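Colleague: What follows is a structure written as C-alpha cells; I'll ask about it next.
The values are calculated or read from the model by the stated rules, or taken from the named source; none is laboratory data. Since this is a predicted model, take the numbers as computed values, not measurements. With ideal geometry, Cβ positions are generated from the backbone for all residues, glycine too; neighbour counts draw on all protein chains shown.
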Amino acid sequence: MTGDYSRDRRIVKTDDFSSVFRLRPVQRTAHFVLYTRSNQLSHARLGIVAAKRFAPRAVTRNTIKRVTRELFRQTPLPPFDCIVRLSKPVNSKNGPATSAHLKRMLRDELTRLLSPQNLRSDR
C-alpha cells in the first residue's frame, strides 16, 4: 500500500537505526546514502538523517525530510528498513535556504535512490 506514513512505517528507535547503519550502504548519489535491511514486517519503513553540518538551516533539513517522505509514500517498496542519510552539504548558509532548483535536485536524487530495483533481498 502506498500513501501511508504512519508511525509503524517509520524507523524511530536508536537500536533500529544502529542495526541498519551496521550494514554497508546500498546506493549513493551526489548528496545521499541509502542503507537498507530486509525486515519481517509486511511493509517498508523509513528513517531520515539530515545533519545540521550538511544542511545548516532548519528550512533546508525540513525540505529534505518532506521530499523524502513524499517519495517514500508514493513508491511501492518491498519490506525493507530504509535509511536515507544526507552525506554532503546541499547548500551554504549564505545561499537561499530552499529553492525550486534545490527541491528539483533533491527529488531527482531521492527518486533514483528509492527506486525499487535498489532494494533487492539478495543484499
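Colleague: Which one is modelled with the highest pLDDT, of the residues in the stretch 1-10 that are in contact with a helix residue (DSSP H, G or I) (Cβ under 8 Å, 6 or more places away or on another chain) and not charged (D, E, K, R)?
Modeller: Y5
Colleague: Filter the stretch 91-123 down to residues that are at pLDDT 85 or above and either farther than 27 Å from V12 by Cβ or β-branched (V, I, T) (or both), then give me how many there are.
Modeller: Of the residues in that region, 4 qualify.
Residues checked against (1) under 19 Å from Q117 (Cα atoms); (2) in contact with a helix residue (DSSP H, G or I) (Cβ under 6 Å, 6 or more places away or on another chain); (3) not in a loop (DSSP other than H, G, I, E, B):
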site	(1), (2), (3)
V12	no, no, no
D15	no, no, yes
S18	no, no, yes
P25	yes, no, no
L34	yes, yes, yes
S42	yes, no, no
I48	no, yes, yes
R53	no, no, no
V59	no, no, yes
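Colleague: Here is a follow-up. Can you tell me which residue in the stretch 22-42 is nearest to N91 (Cα to Cα), limited to those that are more than 13 Å from the chain's Cα centre (by Cα) and not aliphatic (A, V, I, L, M)?
Modeller: Once the filter is applied, the top-ranked residue is R24.
Colleague: Another question, then. Examine the stretch 27-40 for a residue that is closer than 13 Å to F80 by Cα, out of contact with any Gly (no Cβ under 7 Å at 6 or more places or on another chain) and either loosely packed, with under 13 Cβ neighbours inside 10 Å or among the basic types (K, R) (or both), and state whether such a residue exists.
Modeller: Checking the stretch 27-40: at least one residue is closer than 13 Å to F80 by Cα, out of contact with any Gly (no Cβ under 7 Å at 6 or more places or on another chain) and either loosely packed, with under 13 Cβ neighbours inside 10 Å or among the basic types (K, R) (or both).
Colleague: Of all residues in the stretch 62-82, which are surrounded by 20 or more Cβ atoms within 10 Å (Cβ to Cβ) and either over 16 Å from S115 (Cβ atoms) or over 10 Å from the mean Cα position of the chain (by Cα) (or both)?
Modeller: T63, I64, F80, D81
Colleague: Which ones in the stretch 61-76 are in contact with a helix residue (DSSP H, G or I) (Cβ under 8 Å, 6 or more places away or on another chain) and either closer than 20 Å to P89 by Cα or basic (K, R) (or both)?
Modeller: Listed by number, the residues that qualify are T63, I64, V67, T68.
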